[in-house]
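Since every read-out is calculated from the coordinates, none of them should be taken as a lab result. The structure displayed is predicted, hence computed values, not measured ones. Using ideal geometry, Cβ is built from the backbone for each residue, glycine included, and neighbour counts are taken over all protein chains shown.
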Amino acid sequence: MKFLSALLLTALLAFATGLYGALPWWSFAITSFIVAIAIHQKAGKAFLAGFAGLFLLWSILAFLIDNANDHILATKVATILPLGGSYWVLILLTGIIGGLVSGLTALAGSYMRQTPKPKQSESI
Amino acid sequence: MRIVPFIISAVGAAGLIAVLNTQLPVGGSKTPRLGYFLSPQQGFWQNAEPVNGSHDGNIKLVGLKAKVDVYMDERLVPHIYAENDVDAYYTQGYLHAKYRLWQMEFQTHVAAGRLSEIVGPDRIDTDKFFRRMGMVYAAEKTMKEASKNKEIKAAIDAYAQGVNDYISKLEPQQIPFEYKLLDYKPEAWTAQKTYLFLMFMSYDLTARGVTNDLKMTNARNYFGYEDFDQLYTNVQDSLDPIVPKGTAYTPASISVTAPASVDSLYYGKTNSGGAAIAPVVPDKNNGSNNWAVAGSKTKSGRPILANDPHLGLNLPSLWYEVQITTPTHSTYGASFPGSPAVIIGFNDSIAWGVTNAGRDVIDYYDMKFKDSTLEQYWYNDVWNKADVKEEVIKVKGKPDVIDHVAYTAFGPVMYDPSYKNESTKGKYLALKWTAHEGGQGLQTFYDLNRARNFDDYLTAIHKWTCPGQNFVFVSKSGDIAIKQQGAFVARWNRQGDFIMPGEDNQYMWQGIIPNTENPMMKNPARGFVSSANQKSTDDSYPYYLGAASDFPVYRGVIINKKLAAMNNITAADIQEMQTDNYNVFAEMARPVLLKFASEIALTTEEKKYIGVLQSWNLRNDVGEQGATVFRAIWDSLETAIWKDEFERSPLPLPWPDEPILLDIMLRDSVYYFADNANTPDKTETLRDAVSMAIQKATKACAELEKNEELAWGKFKDSRINHLLKIDPLSRLHLPIGGGVHIINATTKTHGPSWRMIVHMTDEIEAYGVYPGGQSGNPGSKYYDDFVDTWAAGKYYRILFLKKIAAAKSAQMKWHLTFTNS
């Protein structure tokens with residue numbers, strides 16, 4: 001349950017800060033960090049929740065935009081970057097980039113709250 | 001807290017963000033900030049427009065006087081219906097910004113010498129080049145003069161306000177794609193930028209001289225004037241001028257006299273020539289076709305006008321279609337993103353189009369300065385104070401670069417010891433250019449938008465100074481006309497073809513030809529007028545028009561030949577003609593090539609390609625192999641004739657134009673240049689040169705054939721580059737025929753940038769197409785949706801509707817309203 005809540009909250013807060021174009025693109029790093037502190041999990045799970053939250057948010061958003069766009073722009077960008085012109089790879093890359101940043105900050109958040117002697121018995 | 005893992009992960013996260021937030025160098029360029037660029041809520045994904053998205057809207061523009069309705073048709077062409085002119089231009093500015101903001105700013109940054117600010121130190125030389133040409137200086141001067149007209153000032157200011165209203169409403173995530181790619185932000189638009197854009201067009205259409213005059217000077221110094229004048233002859237045997245041969249002209253009202261020193265100082269063999277290859281040179285093929293046929297030659301009995309300006313083809317396109325309807329006028333046509341009004345188009349009474357006049361309006365003067373501070377120059381026997389302007393060039397990621405440009409009695413000093421290359425070493429070359437002389441800017445087009453008849457047209461174009469154009473005209477009342485108009489220098493023979501002495505005013509321009517003496521033709525008996533950048537008159541015109549190399553010959557020949565033969569003309573006939581791929585140059589050159597070939601022993605393979613050439617239908621259609629064989633032989637022949645001698649010059653020389661070599665071939669005389677200078681023991685003849693050319697061309701053609709690239713379309717491989725020359729944003733490998741000397745003047749990267757045909761029937765029948773799309777956004781389906789239509793030689797029927805009809809038309813897909821509250 002904790003894992004899912006952390007994941008959803010991570011995605012939700014990232015989406016909300018993302019609505020403000022004046023904020024830097026990495027604003028979600030802070031919210032993911034806070035979520036990992038608020039919903040404490042072990043390092044591995046915290047990382048995964050943080051990663052998955054942003055990976056899913058960014059890749060789904062990208063997928064929806066790309067689909068409505070008939071892949072026009074993604075195909076061009078995937079040639080510039082270069083990713084062989086594959087919009088699929090570009091969508092995945094988008095998700096992974098967001099996921100990694102979020103996952104690492106969630107990891108930091110988790111370590112911040114962990115006591116030096118890790119406790120047992122936390123479950124999802 | 002687990003301090004060590006926390007620090008490691010926190011530093012890791014911060015490091016990753018930092019890397020993703022930095023433009024990383026890759027090859028010669030830089031990546032976008034990847035985290036930002038890939039963010040679906042902020043980065044490029046936001047520019048991926050839904051293909052079924054709406055273009056409706058209710059927009060509040062506080063400066064509007066009244067409500068404006070805009071109907072967007074299915075091609076995303078806005079039809080603006082405003083209650084007054086100022087509101088219309090306000091809205092046009094807003095729409096240009098909405099669909100073309102990045103391009104508008106980019107083009108004006110180029111003109112202002114501000115490219116380094118966006119792309120970094122690679123373009124400092126380009127920036128210096130434009131600044132040293134005095135682009136900003138000239139834009140400001142024109143703005144000052146043109147703004148005296150309240151209407152023009154109001155139009156340009158309202159336009160700027162429209163652009164700025166759009167920019168101020170723009171959410172950061174909505175900025176155009178290219179800003180995100182290069183990582184910068186739009187700045188405010190100003191009236192001055194409109195003038196900078198117009199200066200860019202002046203540069204593009206008249207500034208070949210900044211390189212040409214240097215090369216011509218080298219050639220004169222290298223060959224000596226006598227030989228030069230023969231080699232680069234100003235005689236064009238095939239010329240069919242805009243105003244037909246044999247027309248009588250009134251004597252020149254300005255009698256120009258060459259200075260007494262002209263033989264020794266100017267034509268003479270002083271070896272003082274400098275040469276420079278400028279970082280950017282306007283395309284030699286910048287030209288165009290336009291013509292008009294009178295009712296006497298059309299099926300309907302009404303005139304038809306056609307125009308296709310040939311320019312570098314880019315995405316986003318230079319052009320943006322628009323209809324502007326107010327109580328004072330209703331006009332449709334191609335507009336420049338960056339400027340209000342319609343530039344090439346028609347209204348309910350008249351239509352107009354332009355081609356480049358090609359006249360030489362830019363010269364160099366060789367100056368003497370006291371020292372490298374550029375503060376004093378020698379002129380008319382005294383030291384004069386130069387006006388030294390400091391140019392601060394901002395460079396992305398690097399400190400500013402400071403440049404100093406001295407302004408003299410002639411104009412800005414383009415080359416001096418601080419901006420030079422090996423061949424301009426020690427020289428101070430000042431530039432004199434009609435574009436520096438101010439002028440009334442947009443006034444001509446503003447007036448043409450509202451013109452109702454021939455007199456209005458003439459009054460409007462007489463205000464035009466630079467770049468000189470051939471304005472073609474038709475009216476519903478049945479008039480057709482063409483006039484070459486601009487501020488043209490009254491020159492003595494060859495004045496300004498080379499660098500001129502600048503230590504006194506002897507070589508200064510002696511006057512500008514009065515408008516009334518510019519070549520014109522109205523309602524000629526032959527029933528048509530036309531221009532295709534050829535010389536406007538024969539040699540009986542009382543002023544020197546400029547070097548023949550400024551004036552291509554063959555398109556004019558074929559256009560006039562066709563128009564003379566055509567009768568009962570329809571708009572469909574004109575479409576066919578405007579996209580015609582017949583090669584009249586090859587028609588003249590092939591027989592002489594074949595004649596020489598028949599006198600040479602050929603190998604089997606050579607015979608094969610000569611056979612292809614022989615059976616070719618003289619059309620540069622996409623699939624024709626003969627067109628490629630012809631081009632390969634001709635280019636090899638030019639190389640065989642010119643390369644050996646010309647390479648011996650330490651400084652760059654221009655190769656003589658194609659008509660010159662063709663005339664030599666046709667005369668078949670013993671020709672000095674045919675001899676290969678690199679084989680001193682042998683004397684080659686023209687025949688040997690042709691034989692060598694066939695050998696070389698055969699090799700090239702065999703290679704092409706192996707790669708299945710012998711067909712003309714494959715060989716030519718036309719493309720439309722994105723302004724940043726990024727391939728995935730460009731359109732490559734377009735199946736389109738045509739080429740140099742052909743009415744369909746499409747070369748690899750250059751050609752008809754807007755094709756327009758207007759038939760002056762009661763309900764105007766008009767067609768248009770340009771190689772691009774109405775949206776400048778690479779993420780829009782309207783970015784390049786006209787390209788295939790254009791390449792196929794097809795047109796769109798233009799919707800030119802009254803407001804009531806527009807509101808009801810099924811072809812109007814969206815409705816935008818603009819109100820002030």
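Brief remarks follow.
- Annotation: amide H of B:A406 within the under-5 Å range of B:K389, B:V413, sequence separation 5 or more or interchain, hydrogens built in the peptide plane.
- Highest GNM mean-square fluctuation among A:A16, A:A68, A:A46, for chain A modelled with Cα contacts below 10 Å: A:A68.
- Residues whose placed amide H lies under 5 Å from that of B:L315, excluding near-sequence neighbours: B:N721, B:H722, B:L723
- Share of Cα-Cα pairs in the stretch A:1-58 lying beyond 16 Å, as whole percent: 32 percent
- Calculated on C-alpha atoms, the gyration radius of the stretch B:584-716 divided by its Kirkwood radius gives an Rg/Rh of 0.97.
- Descending semi-axes in whole angstrom, ellipsoid equivalent of the stretch B:718-763, from the Cα gyration tensor: 27, 15, 8
- In this simple spin-label approximation, B:E703 and B:I804 carry label points 7 Å from Cα along the Cα→Cβ vector, and these lie 6.7 nm apart.
- Cross-link reach list, lysines versus B:K245, counting only Cα pairs under 19 Å and skipping chain neighbours closer than eight places: B:K483, B:K522, B:K535, B:K561, B:K562
- Between B:E83 and B:D539, residue separation times 0.36 nm minus the direct Cα-Cα distance comes to 159.1 nm.
- Distance cut-off 19 Å, percentage of C-alpha pairs in chain A lying past it: 50 percent
- Förster radius 51 Å - calculated FRET efficiency between B:N678 and B:K144, Cβ distance, rounded to 0.05: 0.35
- The stretch B:379-432 and the stretch B:1-15 have Cα centres separated by 55 Å.
- Note: relative contact order over the stretch B:737-821, using C-alpha pairs below 8 Å and six or more positions apart, is 17 percent.
- With neighbours defined as other Cβ atoms within 10 Å of a residue's Cβ, the residues B:D788, B:D360 order from fewest to most as B:D788, B:D360.
- Each residue of the stretch B:704-719 was assigned a 3J(HN,Hα) from its phi angle through the Karplus curve 6.51 cos²θ - 1.76 cosθ + 1.60 (θ = phi - 60°); the sequence is 4, 5, 4, 8, 6, 10, 7, 4, 3, x, 5, 5, 6, 6, 5, 8 Hz, with glycine and proline shown as x.
- At full extension, B:D504 and B:R667 could sit 54.3 nm farther apart than now, given 0.36 nm per residue minus the alpha carbon distance.
- Remark: the stretch B:557-573, residue by residue, has Karplus-estimated 3J(HN,Hα) of 4, 6, 4, 5, 4, 5, 4, 4, 7, 7, 9, 6, 6, 10, 4, 5, 4 Hz, where x stands for each Gly or Pro and the curve is 6.51 cos²θ - 1.76 cosθ + 1.60 at θ = phi - 60°.
- Whole-Å distance, taken between Cα centres, linking the stretch B:793-821 and the stretch B:472-499: 36 Å
- Counting only lysines at least 8 places from A:K42 when in the same chain, those with an alpha carbon closer than 22 Å to its own are A:K2, A:K117, A:K119.
- Gyration tensor (alpha-carbon) shape descriptor, chain B, a/c threshold 1.5: rounded
- Think of it as helices only: each DSSP H run of n ≥ 4 in the protein assembly as shown is worth -39500 (n - 2.57), and spread over all residues that comes to -12000 deg cm²/dmol at 222 nm.
- In a simple Cβ point-charge model (Lys, Arg +1; Asp, Glu -1; nothing else charged), chain B has a dipole of about 1740 debye relative to its Cα centre.
- Averaged over peptide A:15-21, the number of partner chain Cβ atoms lying within 10 Å of each residue's Cβ comes to 4.
- Restricting the calculation to Cα atoms, the stretch B:732-821 yields a radius of gyration followed by a Dmax of 16.5, 55 Å.
- Computed label-point distance, nm, for sites B:Y184 and B:N820 using a 7 Å Cα→Cβ extension: 3.5 nm
- Summarising the amide proton neighbourhood of B:I344: residues at separation of 5 or more, or on other chains, whose placed amide H is nearer than 5 Å comprise B:A334.
- Once the Cα-Cα distance is subtracted from the 0.36 nm per residue extended length, the B:K398 to B:T685 segment shows a gain of 97.6 nm.
- Furthest towards positive pole of dipole, B:V235, B:V612, B:P778, structure part chain B, Cβ charges: B:P778
- Average partner coverage of B:171-182, which counts Cβ from other chains inside 10 Å: 2
- Residues in the stretch B:442-454 carry Karplus couplings, in order, of 7, 3, 4, 6, 4, 6, 4, 4, 9, 5, 10, 7, 4 Hz; the curve used is 6.51 cos²θ - 1.76 cosθ + 1.60 with θ = phi - 60°, and Gly or Pro positions show x.
- Peptide A:49-59 shows a mean partner chain C-beta count of 1 within 10 Å per residue C-beta.
- At R0 = 41 Å, FRET efficiency that the Cβ-Cβ distance of A:N67 and B:E375 yields, to 0.05: 0.05
- Hypothetical label at B:T761: residues of the stretch B:299-319 whose amide nitrogen lies under 20 Å (7 Å Cα-Cβ projection): B:299-307
- Take each peptide in B:766-779, B:407-420, count the other Cβ atoms within 10 Å of every residue, and average; sorted highest first, the result is B:766-779, B:407-420.
- The stretch B:208-339: relative contact order in percent, alpha carbon pairs under 8 Å with at least 6 residues between: 22 percent
- Principal axes of the protein assembly as shown: Cα extent on each, largest first, Å: 103, 72, 71
- Net charge dipole size for the protein assembly as shown [Lys, Arg +1 and Asp, Glu -1 on Cβ; Debye, nearest 20]: 3000 debye
- Under the simplified labelling scheme, the B:R526-B:L618 pair shows an inter-label distance of 1.8 nm, with each label point 7 Å from Cα along Cα→Cβ.
- Backbone N under 18 Å from the B:R452 label point (7 Å along Cα→Cβ), restricted to the stretch B:341-366: B:346-352
- Net dipole in debye of the stretch B:465-569 [+1 Lys, Arg Cβ; -1 Asp, Glu Cβ; about Cα centre; nearest 20]: 680 debye
- With contacts taken as Cα pairs under 8 Å and at least 6 residues apart, chain B reaches a relative contact order of 19 percent.
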